[in-house]
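Here the structure comes first, spelled out in structure tokens, and everything after it is commentary.
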Amino acid sequence: MQFSIKNYLESPLLLILVFLISTCISVLLNIPVYRQILGSIFLGFIPGFLILCITKLDRLELHKKLVLSIGLSISFVMLMGLIINTLYPLISYETPLSPKSIVISFTFTMLILAVIANSRGGLIFSFKQFYPKFDQNDKAFLLIPSIFPLLSIIGMHLMNAANNNAILIIFLFLIPIYVIIISICRDQISEKTYLIIIFLISISLVLLWGMRSSHIIGTDAHLEYIVFKQTFINEKWQILRGYGIINSCLSVSILPTAYQSILNINPECLFKVLYPLLFSISPIVIYIITKNYTNNFSAFLASIFFMSQKFYIITAASPRTNTAILFFALSIMILLLSEISEMNKKLFLIIFIISCILSHYGTTYVFFVIFFIAWLSMRLIHKIILHPIDLHSKNPQEKNENAIIDFTSQYKIGRISESFFSLGTLMIFFISLFLWFNMVVYSPFDKGVGFIIETLKSMQHVFLIESRDSGISAAFGYGIIEKGLLSKIIFVISWQPIICIAIGIMSTLARFRHRVTFPDKSDSPNCLSKKIDLFFIVLGLICFCAMASMVVLPYVSQGYDVNRLFLQMVVVLSTFLIIGGLEISRFFHIKYGYLVLIVAIISFFALNTGLLHNIAGVPASIAIDSHGPSYDDFYIHEQETMACNWLGKNLEAEKEIYTDVRGKSRLISQGMIPVKSIGDLPGFLQGNRDFDGYIYLRYFNVINRNLSVVQSSNFYRLNEFEDFLSMQERIYDNSGSILLKSRNGPTSKHAFSYSDLA
């Protein structure tokens with residue numbers, strides 16, 4: 001039989017086989033460019049795509065398939081990595097996560113998945129669906145956002161090289177301007193165009209922090225990076241001493257190790273760019289969730305609001321948390337997709353739940369609490385309200401007219417609570433959580449129990465505003481009268497979305513019985529395309545209460561970052577933000593129904609990107625400022641990296657290193673120095689000064705002559721300790737970082753003096 005290109009393309013199994021072989025060759029022979037391109041598709045898309053083919057989800061729209069393929073691929077990499085990490089040592093293979101082991105194991109597994117999918121007929125699909133057609137109108141609307149990634153990359157390069165933020169400021173101004181343009185022309189834009197616009201904005205924003213400098217940015221990110229490096233060097237995941245609960249997060253150990261083994265790029269670059277690239281699909285997930293009940297433009301605004309969150313923008317600094325939030329969002333999306341069968345819903349839900357557990361403990365605990373309360377609420381509603389009604393009545397007209405929902409919805413809710421959203425799934429969630437957090441890695445379960453105990457203890461201070469985190473006090477305007485105009489503007493902007501969400505939930509509850517399908521008219525503020533499911537309203541109430549717990553429960557705001565929790569809750573609450581904003585417009589008879597929402601979202605965007613502060617002349621974001629607290633804390637200078645590298649190579653065993661709170665992160669990620677070897681310099685200088693070790697002064701200490709203090713905006717001046725520091729031996733100095741070593745005897749000519757810092 002004569003072979004042709006057409007036959008080749010019409011044989012999906014053969015095509016996948018050729019791709020897998022090509023990837024193996026490019027990795028094993030280390031062929032540049034091809035290795036990175038093929039490897040990214042190999043890990044980031046193919047596994048999830050094959051799983052979808054096995055489940056034969058042909059009815060899913062293209063963007064839903066792509067999002068699920070990427071999410072399932074992330075899950076596959078972590079779970080498959082854990083499996084081979086566990087099994088291979090049993091047959092005396094001690095480097096299960098070596099590049100050769102990963103490429104062979106993953107290729108063989110994907111080949112099996114491809115054969116199964118082909119045997120089930122799941123690979124019989126048209127490749128044309130991956131290339132949606134755009135008319136001239138679509139292309140015109142994509143022209144401006146297509147330059148957003150370019151502006152982001154060029155602007156950040158200019159910022160790193162010359163501290164010039166002009167292009168970045170233009171880019172950040174263009175986004176809200178373009179949102180306004182879209183709002184005016186919203187009826188002329190197709191759904192596929194909205195989706196591409198969302199992705200282009202998403203990838204441009206989330207990469208800003210990832211491209212800032214050549215080194216790790218953040219706080220916990222430095223610890224996460226060193227766990228990844230140790231896993232990659234050891235070619236095996238194991239519990240590392242001194243890194244506690246981070247050991248439980250495979251999202252920062254096995255996941256980046258697999259990518260580094262396949263891609264072979266600069267490890268710091270991989271760690272800073274990988275998570276923003278993966279998390280950039282999350283706004284599309286928000287769009288899908290909101291689109292389930294609203295029109296295209298409303299879902300677009302919901303995704304923009306999600307991208308405006310501070311914790312979204314700093315994804316590069318919080319990889320494990322945002323990876324877990326992505327799985328949380330995918331789980332909510334799965335619950336809402338009517339195109340997926342109950343069996344597949346349960347399968348995907350369990351996969352994403354386990355992946356969330358393996359990604360981040362804090363997000364998992366919040367997820368479980370929401371899941372448990374939602375399941376319990378649904379059962380109570382079903383038992384108290386719906387049970388007296390005969391769901392199987394032959395005459396639907398016999399329904400109770402006082403019920404809050406119609407006959408069809410009652411049956412649907414009963415099915416939801418009895419199928420994939422079930423006690424069985426909840427038990428799998430808890431058992432998996434308990435086994436991983438308590439039986440395998442230990443620390444996270446103790447941390448969770450301790451958090452509950454401290455929360456209960458703090459209830460005695462429930463009426464004291466001082467018992468909350470300082471951010472909560474500021475959010476409620478504590479001392480706002482004495483502050484400047486900028487603080488007052490920030491206070492108003494911060495409360496706008498919360499008020500819209502609260503009104504959205506309350507109005508939905510008040511009108512639930514009467515909230516039917518509204519006409520999708522351009523001038524109508526009624527954007528709902530169908531009735532909201534009761535269980536989604538229950539989720540919204542729970543998520544809103546979770547946010548309120550930050551205020552009501554004193555310890556919660558201290559033990560968990562409010563921005564982190566808010567980003568997770570916005571996954572559900574974005575829909576209610578849209579409803580609330582439109583209800584406000586209706587109440588005040590605002591002719592343009594979306595005006596309230598656009599003002600709230602754009603101002604919130606300007607606040608969290610640092611654009612508002614930049615206009616006011618106050619540095620707030622490391623992305624667009626090269627001075628200020630954020631820059632001093634998180635930006636790593638090359639002098640700091642060189643000093644840490646030198647110390648890491650020349651450090652004497654059993655010697656302790658003293659530095660300030662931000663210097664610690666630099667020693668960890670740049671010098672690969674164990675956490676247990678690093679002490680607190682400000683605390684040490686205030687107490688007993690007899691020591692035998694090193695003192696590390698970072699760029700901020702040398703240039704600004706200050707020492708930052710743990711959990712405080714105050715500083716210690718170095719001149720307060722000049723006498724003591726002058727007695728130590730200076731062993732390294734590159735004009736941006738200084739290393740001192742303890743010495744005995746008189747001060748030498750190389751001794752440190754305060755004037756050296758000038």
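The values are calculated or read from the model by the stated rules, or taken from the named source; none is laboratory data. Quick caveat, the model's predicted, so the values are computed rather than measured. Positions of Cβ are backbone-derived with ideal geometry, glycine not excepted, and every protein chain shown enters the neighbour counts. All accessible areas refer to the heavy atoms of the entire protein, side chains included, with ligands and DNA or RNA removed. Shrake-Rupley method; radii C 1.70, N 1.55, O 1.52, S 1.80 Å.
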Those residues that are in contact (Cβ under 8 Å) with a residue 12 or more places away in the chain and either touching a Cys at 6+ places or on another chain (Cβ under 8 Å) or outside any loop (DSSP other than H, G, I, E, B) (or both), I need them from the stretch 614-629; list them, please. ASN614, PRO629
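Restricting to the stretch 39-77, and then to whatever is aromatic (Phe, Trp, Tyr) and within 21 Å of the chain's Cα centre (by Cα), can you tell me which residue is least open to solvent (accessible area, probe 1.4 Å)? Write out each step before concluding.
Quick first cut of the stretch 39-77, residues aromatic (Phe, Trp, Tyr) only: 42, 45, 49, 76.
Restricting the remaining residues to those that are within 21 Å of the chain's Cα centre (by Cα) gives 45, 76.
Values: PHE45: 47, PHE76: 23 Å².
For the stretch 39-77, the residue satisfying everything is PHE76.
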Kindly evaluate ASP633 against the criterion of being surrounded by fewer than 22 Cβ atoms within 10 Å (Cβ to Cβ), in contact with a Lys or Arg (Cβ under 8 Å, 6 or more places away or on another chain) and touching a residue at least 24 places away in the same chain (Cβ under 8 Å). yes
Counted residues in the stretch 206-228 being closer than 26 Å to ILE304 by Cα and part of a helix (DSSP H, G or I) come to 7
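State all residues of the stretch 218-242 that are over 26 Å from MET80 (Cβ atoms), open to solvent by less than 10 Å² (accessible area, probe 1.4 Å) and either modelled with pLDDT of 90 or more or in contact with a Pro (Cβ under 8 Å, 6 or more places away or on another chain) (or both); if no residue qualifies, say none.
Of the stretch 218-242, the ones over 26 Å from MET80 (Cβ atoms) are 218-219, 222, 241-242.
Add one more test, that the residue is open to solvent by less than 10 Å² (accessible area, probe 1.4 Å), and what stays is 218, 222.
Scanning the stretch 218-242 gives a single hit, HIS222.
Residue by residue, here is whether (1) basic (Lys, Arg); (2) at pLDDT 90 or above; (3) within 21 Å of the chain's Cα centre (by Cα) holds:
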site	(1), (2), (3)
MET550	no, no, yes
PRO554	no, no, no
VAL571	no, yes, yes
ARG586	yes, no, no
Under 7 Å between Cβ atoms, at least 6 apart or on separate chains: pull out the pairs that start in the stretch 643-670 with a residue that is open to solvent by 60 Å² or more (accessible area, probe 1.4 Å) and end on any residue that is of a type in the set (A, V, I, L, M). LYS664/ILE678
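Within the stretch 192-217, how many residues turn out to be of a type in the set (Gly, Ala, Ser) and open to solvent by less than 10 Å² (accessible area, probe 1.4 Å)? Steps first, answer last, please.
Initial filter on the stretch 192-217 (of a type in the set (Gly, Ala, Ser)): 202, 204, 210, 213-214.
Filter once more, keeping what is open to solvent by less than 10 Å² (accessible area, probe 1.4 Å): 202, 204, 210.
Result for the stretch 192-217: 3.
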So which pairs qualify, if the first residue must be in the stretch 63-81 and farther than 12 Å from LEU50 by Cα and among the small types (Gly, Ala, Ser), the second must be part of a helix (DSSP H, G or I) and open to solvent by 20 Å² or more (accessible area, probe 1.4 Å), the Cβ gap must be under 6 Å, and the two must be at least 6 apart or on different chains? SER75/ILE351
Filter the stretch 82-94 for residues that are touching a residue at least 12 places away in the same chain (Cβ under 8 Å) and either part of a helix (DSSP H, G or I) or surrounded by 15 or more Cβ atoms within 10 Å (Cβ to Cβ) (or both); which is nearest to the chain's Cα centre (by Cα)? LEU82
